[in-house]
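Novice: Please read through the structure below; I'll follow up with questions.
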Amino acid sequence: MEEKSKPSFYVTTPIYYVNDVPHIGHAYTTIIADALARYQRLSGRRVYFLTGTDEHGQKIERAAAEKGLKPKELADRVVVRFKELWRKLNISYDYFIRTTEDFHERGVQKIFKQLLDRGDIYKGTYQGWYCVSEENFLSEDVPLEAEGYKICPDCGRRATLLEEESYFFRLSAYQQPLLDFYAANPGFVRPQSRMNEVVSFVRQGLKDLSITRTSVRWGIPVPGDPGHTIYVWFDALHNYVTGAGYDWNQELFQTFWPADVHLIGKDILRFHAIFWPAFLMAAGFPLPRTVFGHGWWLKDETKMSKSKGNVLDPSLILEQVGPDALRYFLLREVPVGLDGSFSHEGFVQRINSDLANDLGNLVQRTLTMVLNYFDGEIPSPGEETEPDRQLAKRFAETASRVYAYYDDYALNRALEEIWVFLNLTNKYLADQEPWKIARQPEARNRLARILYQAVCAIRGSSYLIYPVMPETAEKIWNFIGEKAKPGQVSKSVLAFYDLAAGTRISKPEALFPRIDLREFIGEVEKPKAPSEIAPKPEVKMDYITYEEFKKMDLRVARVLAAERVPGTSKLLKLQIDLGTEKRQIVAGVADTYQPEELVGKEFIVIANLQPAVIRGVESQGMLLAAEVDGKATIPFFDRELPPGAKVK
Ligand SMILES: [Zn+2]
């Protein structure tokens, strides 16, 4: 489909606004981007995958103030949540841009200044509907009420018409250049239906765009006129160039700009398909190849929104099924351009039938036969018969179709093709009946061939699912004794029969245990506290009563002597003074402390812990220490205390 592809591939997600915590919509866009990035790496292209956060604007300023934080502090906390989710979902982004980074702010100011000098930005008067309660202009999209005024969509109050000084981008001058560009690049906006929307919008005429506000403080100041703040969209959209090295890494920028695909939700299509190319034309940058607007995820046919309280929390689903099942479901269920409906029933059914049955059972069954019949070694294949040749041929056809779909961003079609092939492999086994042939000693060569074919099919199809399910593909390759990881093998060298006989396989663990629908719903729909933005991922607490706590006899102990426990690297044997008595304890702190530096120090021990023998040494109590990355750190007191003093 691509007329010409460059040896590099640059894919972006929108930058996510930090007044929100990550939800399934963010996860969806980012998973699509990750699958495309992983596939393009297999294709041998240099890939740059950019995601990040949009951190400016009045909503952030206000949300932070409500929590008693500075806007940047609020952003820092939300960024942790996004990065944590991307780690759990195996998102392989190359850079996470934040619009509060210096190089971004400088880049935006530089471009602003250039456009100002060229006359594409000018100072004028903005007239708009202003919400006094929120001190904010309403979006232009808010419709006029019949009575001739607008209602603020955030608070429901009546807005007033106000004027303020503002800088404008001369969008009206770009109507014809944009129409010419769309005509020459009909694939610029995908899917096609959205291209048509954009063209008809632009044909109706374009008004100049107000791109600064005086009422907003939290943002990038206009260079030379700091009473004006650059408005969120002009700031945010430029992340795609600043994040790719504009004005700070020339080599990076040369290699990757223009972007191959901006993935976006359809709600922000106008900004990306009209404003963005116009900004780029004005600044003299080449234009991105594709803006891909994906659909919404609906929950049981209803659009998810915070106000409806039906937003799915991807981390709860992840805890239940792992990253790959979620990645698979979201990419398989609907074509990238259309809306999808999430139902727990649909989700569980997909996992059980496609992943547990079709894929998981195939791997389990085949490898178990290799273990049982060939002692866990991939057998040297006997003669190739017609059904074997057919299977290999079908794989080659499948692979080329799958690659074409991946190239065309048709991820659900790629997965459909792979599943057709998996079912073909299941049918091959059912037809060849290796479990029957295993009972005929004279047919051992045939048995070897069938199992060899089946392992080849598993290896090949798991390579094809790697962009969507990287963890699963790696596990399967690991089971079959492949030394390489699928992500390291270029698709140009991947071949069906590239499997070495004699390789040892390992006992496969269940890849996708079947899910019980009722249990699943119970786990993912647990009532939650309101979406409080916590500084760290929440830790589950089991409370104990004060009575239970009081049972612990915590005392100040002073170290009299310390030595290593022979034959161990971590353990120290300590003689301690507990005031009324002397004792010996064993502590796993030798990674952090030399025996001699502890002598004379005081810390807390649990004195009434049941004595234990550790590595042959008796321990009559336990000291308290924090453990980070396997290393213990002992909390010491900031003054000397009498040994035996009670801690409570
Ligand atoms: Zn309002």
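Novice: Name every residue in the range 161-216 that is among the charged types (D, E, K, R) and assigned to a helix (DSSP H, G or I), in order of residue number. First the steps, then the outcome.
Specialist: The first filter runs over the range 161-216 and keeps only residues among the charged types (D, E, K, R), leaving 163-165, 170, 180, 190, 194, 197, 203, 207-208, 213.
Across the range 161-216, the qualifying residues are Asp180, Arg194, Glu197, Arg203.
Novice: Now, a different point. Could you check how many residues of the range 142-166 are under 38 Å from the mean Cα position of the chain (by Cα), farther than 29 Å from Gln109 by Cα and more than 14 Å from the ligand (Cβ to nearest atom)?
Specialist: 1
Novice: Select, from Asp553, Asp577, Asp629, Asp591, the only residue that is charged (D, E, K, R) and either under 30 Å from Gly68 (Cα atoms) or free of Cβ contacts under 8 Å to residues at least 12 places away in the same chain (or both).
Specialist: Of Asp553, Asp577, Asp629, Asp591, the one residue that is charged (D, E, K, R) and either under 30 Å from Gly68 (Cα atoms) or free of Cβ contacts under 8 Å to residues at least 12 places away in the same chain (or both) is Asp629.
Novice: Taking the options Val222, Val202, Val216, name whichever one is open to solvent by less than 20 Å² (accessible area, probe 1.4 Å) and within 16 Å of the ligand (Cβ to nearest atom). Walk me through how you get there before you give the answer.
Specialist: Values: Val222 fails: within 16 Å of the ligand (Cβ to nearest atom); Val202 fails: within 16 Å of the ligand (Cβ to nearest atom).
So the residue among Val222, Val202, Val216 that is open to solvent by less than 20 Å² (accessible area, probe 1.4 Å) and within 16 Å of the ligand (Cβ to nearest atom) is Val216.
Novice: While we're looking at this one, here's another question. Within the range 233-257, take every residue that is open to solvent by less than 30 Å² (accessible area, probe 1.4 Å) and among the β-branched types (Val, Ile, Thr) and give me the one that is nearest to Pro288 (Cα to Cα). Don't jump to the end; show me each part of the working.
Specialist: So in the range 233-257, the residues open to solvent by less than 30 Å² (accessible area, probe 1.4 Å) come out as 234-246, 252-253, 256-257.
Next cut, among the β-branched types (Val, Ile, Thr) only: 241-242.
Numbers: Val241: 10, Thr242: 14 Å.
Top of the filtered list is Val241.
Residue by residue, here is whether (1) under 21 Å from Leu371 (Cβ atoms); (2) of a type in the set (Lys, Arg); (3) surrounded by fewer than 23 Cβ atoms within 10 Å (Cβ to Cβ); (4) without any contact (Cβ under 8 Å) to a residue 24 or more places away in the chain holds:
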position: Arg413; (1), (2), (3), (4): no, yes, yes, no
position: Ala430; (1), (2), (3), (4): yes, no, yes, yes
position: Trp435; (1), (2), (3), (4): yes, no, yes, no
position: Asn445; (1), (2), (3), (4): yes, no, yes, no
position: Cys456; (1), (2), (3), (4): yes, no, no, no
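Novice: Quick check on my filter: what residues within the range 596-648 are part of a loop (DSSP other than H, G, I, E, B), surrounded by 15 or more Cβ atoms within 10 Å (Cβ to Cβ) and within 43 Å of the chain's Cα centre (by Cα)?
Specialist: Of everything in the range 596-648, those that are part of a loop (DSSP other than H, G, I, E, B), surrounded by 15 or more Cβ atoms within 10 Å (Cβ to Cβ) and within 43 Å of the chain's Cα centre (by Cα) turn out to be Ala625, Ile634.
Novice: Then there is this: Filter the range 122-141 for residues that are surrounded by fewer than 17 Cβ atoms within 10 Å (Cβ to Cβ) and under 35 Å from the mean Cα position of the chain (by Cα); which is modelled with the lowest pLDDT? Reasoning before the result, please.
Specialist: We begin by selecting, within the range 122-141, every residue surrounded by fewer than 17 Cβ atoms within 10 Å (Cβ to Cβ); these are 122-125, 127, 132-133, 135, 139-141.
Now restrict to residues that are under 35 Å from the mean Cα position of the chain (by Cα): 135, 139-141.
Details: Glu135: 74, Ser139: 83, Glu140: 82, Asp141: 82.
Across the range 122-141, the extreme among qualifying residues is Glu135.
Novice: Something else now. Return the residues of the range 378-390 that are open to solvent by less than 80 Å² (accessible area, probe 1.4 Å) and not in a helix (DSSP H, G or I); say none if nothing qualifies.
Specialist: Ile378, Pro379, Pro381, Gly382, Glu384, Thr385
The values are calculated or read from the model by the stated rules, or taken from the named source; none is laboratory data. Every value quoted in this text rests on a predicted model; they were computed, and no experiment measured them. Neighbour counts are summed over all protein chains in view; Cβ atoms, including those assigned to glycine, are modelled from backbone coordinates with ideal geometry. Side chains included, ligands, DNA and RNA excluded: accessible areas come from the protein's heavy atoms. Shrake-Rupley method; radii C 1.70, N 1.55, O 1.52, S 1.80 Å.
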